[in-house]
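See below for the structure under consideration.
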Amino acid sequence: MTASATAAAIAPAAEAAPALRDTRPLRLITCGSVDDGKSTLIGRLLWDTKAVKEDQAAALNRDSGKQNDLGLPDFALLLDGLQAEREQGITIDVAYRYFATDKRSFIVADTPGHEQYTRNMATGASTADLAVLLVDARAGILEQTRRHATIATLMGIKQFVLAINKIDLVNYDKARFDELSREFKEIALSLGVKQVTAIPVSALKGENVVYDGKASMPWYEGPTLVEVLELATVRSAQTVGFRLPVQRVSRPGESFRGYQGTVAGGAVKPGDSVVILPSGMVANVKQIVTFDLVRNAAVAGDAITLVLDRQVDVARGDMIATIDAQPQVGLAFDAQLVALQPGGIEPGKRYWLKSGSRRQRVTVQPSSLLDLKSGKWNRHDGALPMNAIGKVHLSFDEAAIFDAYELNRTTGAFILIDPDTNNTVAGGMIAGKRGDVGGLNNEAERVILSLPADLADKILASGLLSERRDEVDIRRTNPGRAAELLGELDG
Amino acid sequence: MHISEFDAHTQDKQAKPPLDPHLKALENEAIHIFREVAAEFERPVMLYSIGKDSSVLLHLARKAFYPGRIPFPLLHIDTGWKFPEMIAFRDEMAKRFDLDLVVHTNPRGAKENISPFTHGSALHTDIMKTEALRQALDAGQYDAAFGGARRDEEASRAKERIYSFRTPDHKWDPRNQRPELWNVYNGMIRRGESVRAFPLSNWTEVDIWRYIQAENIPLPPLYYAAKRKFVERDGMLMWAEDKRFEALPGEQVQEDYIRFRTLGCWPLTGAIRSHATTLDEVIAELEIATVSERQGRAIDKDQAGSMEKKKREGYF
Ligand SMILES: Nc1nc2c(ncn2[C@@H]2O[C@H](COP(=O)(O)OP(=O)(O)O)[C@@H](O)[C@H]2O)c(=O)[nH]1
């Protein structure tokens, strides 16, 4: 089927209802292998939307003395921000670019495409709503392309553009374009991606980027890249209900107590009943306070101050949520991880986990590893090396609060911090809660031990315990309190 | 000086329609960052440089902590070469918004009379800004400092994180930054280390102006065109009303309508010819401008990568 050269799931520009247009900034990520023309494409986007100013272009020409074939500056220099990279001639990190059309503004996470930089792509993709995958029309779809699509999908991106670049170098051949878009759509389908738009592009000549390429490609009737971006949707935290991770408690005076945070899902209005997690206490919303006015509703994305109708204990790291559809609270969760640092992720090691405003101790037990080449998960219980993507079990000392990442990209996301270096060592996505912990539904006999902390830490680190960590409940306390609790059991 | 002079030069100060979704999203993100840093760090401080970005930053900080006060001090590094209107504006804002304002001038530089004219822009910036900032941050034992930098300003900023980690001697290592995913920020540091936090990272110059307009944010009058005295020096329009100003041989002091796109030390801040006396006019000029705002800054032109070099050394 080649009647429509795009077969796009995204509606062509002409059919869009302008009234419904989302004007929030669209975040996108661009991925491609070296020399596919990513710098040229981004440069072209910035240039044709007039985001590059004359003095910046002049600086480029002065620095390089280089111009490309069309007398435009060397865009790669505009983009490679850091001296060290400029010397090496490669981009090594995520950079953010900004441009706007009269309809919308865009934030581009510009990430390098080399295999070893999975971590950069994961970083850029974590906030992106759409991925532009770039291929060289001559080289076609590479293993690299599949990898990029896989990582982007894992990070929760659901809208894709396949930019088939250097179409000028294959004589604007429609058959080649159709072949590559068909091939990519198969990959996309296997990843569960439904929204793919393929566009034949010449980044160098500026065809189908901002301006159309009708003169060279009369056969292409689909949208330009910018038209697709203008119409793409920004995913507001798509969740089952209201979520407010509490960042801080505001107490400017005795009479006021407000809970400050950014709504991470759903909506809230005065009178709503909410639950405070993990404590489980309930209250009603009295007021939504903002600088501008007292509001009668707040939605996902809004930074608000919430006032409740009664005195309850709420602290930073707690979550205020709707009663009907609560997030999961538990001591053990399954997740997917991207390892970001040379040290990798070690099984059994205790890390800090930060999700929203909540930071807590966690141990990680890998269970499988993604083979990016085939897209298959293989059993794996050793360390996760840098750039690996793995499935893991997370075990907490204290209750953790999450939604599945699929349901909410904010309350389902977390980072791991290495307590030895304080560096961010992994990004993670929650799959779901693991079976009931603590033996609540279990008839078997239980034993409570009270141990010195150093001994407990040794036992916790042992393989035997970590294998069944989900069945173990741990609290830390002082000797007096421990004696008291044991005394209660005896009495 | 009369207060109203500082207020946004807009036609209608009464009606304030809701923010458009684009600016609202940027505002929400900035407020989130402010609250996160205030909650995670022991001694945050906000760098306040009196320009438009700082003015937006201040406004966002007030919003973030409302109905409370801003729970940290504002720090102004005064090189001694700021426009007098900036200082008057600063003091007025501190009074009006009940701010905890800390002003620091490098005592060594002041004693040695460091001047951008006699010592050159590089040395002046180095001693009166970079070194002064380090002194003030050390003295205050601040573990987090908010700045108004935006990623669209300059190439080396494009890779700057929102939480930008600094070593105990305030060094920035661009090759070794912490990855930053989603809006989950890693604020874990050891004693002596610090973080620079940039709530305006994702704003562009146009966003800043639109927001100032939408929110009626007060600005120093220097942003609006007025008849001012200046000379043309090295392709830059230099303000010539300070008593330390000396015309070079052959230079002629002119008087015409000019305004400033960025504010800093007056010998290093180029003006543009303009008749824009209202925000609408300033924005209209901006939207057809073909030159970036940093063009007026002498500091960037010294050499390629000069900003990156300064940042590595601890410049904001
Ligand atoms: N003919 C042609 N050349 C292109 C096109 N896009 C990029 N190039 C060239 O391909 C080379 C690599 O491009 P570059 O943007 O540096 O690739 P990157 O490594 O992906 O950033 C450069 O010589 C570009 O001029 C295109 O659409 N058509």
Legend entry - Candidate set: segment B:15-53, residues that are of a type in the set (D, E) and assigned to a helix (DSSP H, G or I); chosen: the one nearest to the other protein chains (Cβ to nearest Cβ): B:E36
Legend entry - Boolean, B:Y142 is within 14 Å of chain A (Cβ to nearest Cβ), touching a strand residue (DSSP E or B) at 6+ places or on another chain (Cβ under 7 Å) and aromatic (F, W, Y): no
Legend entry - Candidate set from segment A:296-329 (those that are buried (at least 16 other Cβ atoms within 10 Å of the Cβ) and free of Cβ contacts under 8 Å to residues at least 60 places away in the same chain); member that is farthest from the other protein chains (Cβ to nearest Cβ): A:V312
Legend entry - Residues (of a type in the set (G, A, S), within 7 Å of another protein chain (Cβ to nearest Cβ) and in contact with a strand residue (DSSP E or B) (Cβ under 6 Å, 6 or more places away or on another chain)) located in segment B:154-182: B:A158
Inset, instruction - Scan segment A:375-411 for residues that are of a type in the set (K, R) and assigned to a strand (DSSP E or B) and jot them down. - result: A:K376, A:R379, A:K391
Inset, instruction - From the list A:Q341, A:Q336, A:Q365, pick out the single residue that is touching a residue at least 24 places away in the same chain (Cβ under 8 Å), assigned to a loop (DSSP other than H, G, I, E, B) and of a type in the set (S, T, N, Q). - result: A:Q341
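Name the helices (runs of 4 or more DSSP H) wholly within segment B:85-140 that hold at least 1 residues that are over 14 Å from B:P267 (Cβ atoms)?
B:107-111, B:132-140
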Legend entry - Hits in segment A:162-198 (condition: away from the ligand (no atom under 12 Å from the Cβ) and aliphatic (A, V, I, L, M)): A:L162, A:A175, A:L180, A:I187, A:A188, A:L189, A:L191, A:V193, A:V196, A:A198
Inset, instruction - Look at segment B:103-132 and say how many of its residues are surrounded by fewer than 18 Cβ atoms within 10 Å (Cβ to Cβ) and under 30 Å from B:F65 (Cβ atoms). - result: 3
Legend entry - Number of the condition not met by A:S202 [criteria: (1) touching a residue at least 40 places away in the same chain (Cβ under 8 Å); (2) within 13 Å of the ligand (Cβ to nearest atom)]: (1)
Legend entry - Sole residue being buried (at least 17 other Cβ atoms within 10 Å of the Cβ) and within 27 Å of the chain's Cα centre (by Cα), chosen from A:I199, A:I167: A:I199
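Yes or no: A:R358 closer than 30 Å to A:S250 by Cβ, basic (K, R) and free of Cβ contacts under 8 Å to residues at least 40 places away in the same chain?
no
Within 14 Å of chain B (Cβ to nearest Cβ), within 14 Å of the ligand (Cβ to nearest atom) and buried (at least 17 other Cβ atoms within 10 Å of the Cβ): does that describe A:Y117?
Against the criterion (within 14 Å of chain B (Cβ to nearest Cβ), within 14 Å of the ligand (Cβ to nearest atom) and buried (at least 17 other Cβ atoms within 10 Å of the Cβ)), A:Y117 qualifies.
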Legend entry - Set A:V228, A:V249, A:V240: member being of a type in the set (A, V, I, L, M, F, W, C) and part of a loop (DSSP other than H, G, I, E, B): A:V240
Inset, instruction - Sort out which residues of segment A:344-362 are outside any strand (DSSP E or B) and surrounded by fewer than 24 Cβ atoms within 10 Å (Cβ to Cβ), and write them in order of number. - result: A:G344, A:E346, A:P347, A:G348, A:K349
Legend entry - Residue check for A:E221: over 28 Å from the mean Cα position of the chain (by Cα) and away from the ligand (no atom under 14 Å from the Cβ): yes
Legend entry - From B:A144, B:A132, residue being farther than 29 Å from B:D234 by Cα and within 18 Å of the chain's Cα centre (by Cα): B:A144
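Taken together, the values in this text are just the output of simple stated rules run on the coordinates, not laboratory data. Given the structure is predicted, the values throughout are model-derived calculations rather than measurements. Every residue, glycine among them, receives a Cβ derived from its backbone with ideal geometry; neighbour counts consider all protein chains shown.
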